[in-house]
1. Please verify whether region B:40-59 includes one or more residues that are within 24 Å of A:Phe29 (Cα to Cα) and within 7 Å of chain A (Cβ to nearest Cβ).
2. Given the structure, is A:Ser64 at pLDDT below 95 and under 13 Å from the mean Cα position of the chain (by Cα)?
3. Filter region B:7-33 for residues that are at pLDDT below 95 and small (Gly, Ala, Ser); which is farthest from the chain's Cα centre (by Cα)?
4. I'd like to verify a number: residues in region B:15-25 that are loosely packed, with under 14 Cβ neighbours inside 10 Å and either part of a strand (DSSP E or B) or among the acidic types (Asp, Glu) (or both), how many?
5. Take the residues of region B:63-122 that are among the charged types (D, E, K, R) and in a loop (DSSP other than H, G, I, E, B): which is surrounded by the most Cβ atoms within 10 Å (Cβ to Cβ)?
6. For region A:47-97, enumerate the residues that are of a type in the set (D, E, K, R) and without any contact (Cβ under 8 Å) to a residue 24 or more places away in the chain.
7. Pull up region B:98-122, narrow it to residues that are free of Cβ contacts under 8 Å to residues at least 24 places away in the same chain, farther than 25 Å from A:Ser22 by Cβ and in contact with a strand residue (DSSP E or B) (Cβ under 9 Å, 6 or more places away or on another chain), then point me to the one that is farthest from the other protein chains (Cβ to nearest Cβ).
8. If the requirement is being at pLDDT 95 or above, away from chain B (no Cβ under 11 Å) and farther than 24 Å from A:Ala23 by Cα, which of these qualifies: A:Ser73, A:Ser95, A:Ser80?
Number of protein chains: 2
Amino acid sequence: MVENSINNKRKNMIAKGQLPDSAYYAVIFSSEKSENMDGYLEMDELTMKLAMEQKGYLGYESLSNGNKTLFISYWENMDSIQAWRVNATHQMAKSKAGQWYKRYLSQICLVKQSHLYENYVG
Amino acid sequence: MVENSINNKRKNMIAKGQLPDSAYYAVIFSSEKSENMDGYLEMDELTMKLAMEQKGYLGYESLSNGNKTLFISYWENMDSIQAWRVNATHQMAKSKAGQWYKRYLSQICLVKQSHLYENYVG
């Protein structure tokens with residue numbers, strides 16, 4: 001059930017207009033959760049809320065399958081990523097990463113080209 | 001069943017040693033499939049095989065949930081991405097994108113920093 005509540009929150013996709021025409025940044029967080037997720041849901045909810053309030057935050061995309069998640073957050077520039085990186089609550093969350101994750105890969109990327117196609121009917 | 005065969009193929013995660021210490025590129029392909037997936041599986045298998053043979057191809061990560069997929073391929077440099085982009089089979093696959101996808105977002109990114117943590121026991 002905890003697994004389901006964790007995964008159900010994470011089905012967001014970026015919509016038209018959320019990303020700028022100029023270059024922006026993506027932070028790819030690819031993770032595999034451990035069996036010990038004590039405290040995760042509360043911290044996840046809190047850090048998501050705080051991240052969304054950050055200056056320069058643009059949006060996120062995320063998909064989960066079982067204990068694996070690909071989570072991508074989008075940011076205006078490196079300054080906004082850096083400001084979020086040193087946020088005290090975010091730092092506290094990161095100190096628990098060794099408990100919550102078996103494995104994670106964190107990548108900071110400059111998005112040089114992007115193309116969105118949408119064809120929703122009805 | 002087709003949905004399952006499509007999704008089950010896509011659970012790969014990048015392993016230690018697959019990514020270089022220097023800067024490299026990520027192509028994030030975030031998609032939502034349509035109901036008309038005729039010909040998709042064969043083309044997906046073929047393009048994956050061809051992509052993996054490309055010079056400069058490093059690996060991929062992918063997760064699917066329902067008809068949504070986040071697929072990230074990693075490349076040594078822009079030249080390798082460009083070479084794959086103009087590949088005839090890849091071009092043919094892309095010409096079918098309007099049939100197979102309700103929506104996709106394709107982003108070419110320069111990965112500036114990455115950090116991998118692994119803690120597998122047993």
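1. Taking every residue of region B:40-59 in turn, none turns out to be within 24 Å of A:Phe29 (Cα to Cα) and within 7 Å of chain A (Cβ to nearest Cβ).
2. It is true that A:Ser64 is at pLDDT below 95 and under 13 Å from the mean Cα position of the chain (by Cα).
3. Across region B:7-33, the extreme among qualifying residues is B:Ser22.
4. 1
5. Once the filter is applied, the top-ranked residue is B:Glu76.
6. Once the filter is applied, which keeps residues that are of a type in the set (D, E, K, R) and without any contact (Cβ under 8 Å) to a residue 24 or more places away in the chain, region A:47-97 yields A:Lys49, A:Glu53, A:Asp79, A:Arg85, A:Lys94.
7. B:Val121
8. Being at pLDDT 95 or above, away from chain B (no Cβ under 11 Å) and farther than 24 Å from A:Ala23 by Cα holds for just one of A:Ser73, A:Ser95, A:Ser80, which is A:Ser95.
The values are calculated or read from the model by the stated rules, or taken from the named source; none is laboratory data. Bear in mind the structure is a predicted one, so any value in this text is a computation, not a measurement. Quick reminder, even Gly has a Cβ in these numbers, built from the backbone with ideal geometry, and neighbours come from all protein chains shown. The area values use the complete protein model at the heavy-atom level, side chains included, leaving out ligands, DNA and RNA. Shrake-Rupley method; radii C 1.70, N 1.55, O 1.52, S 1.80 Å.
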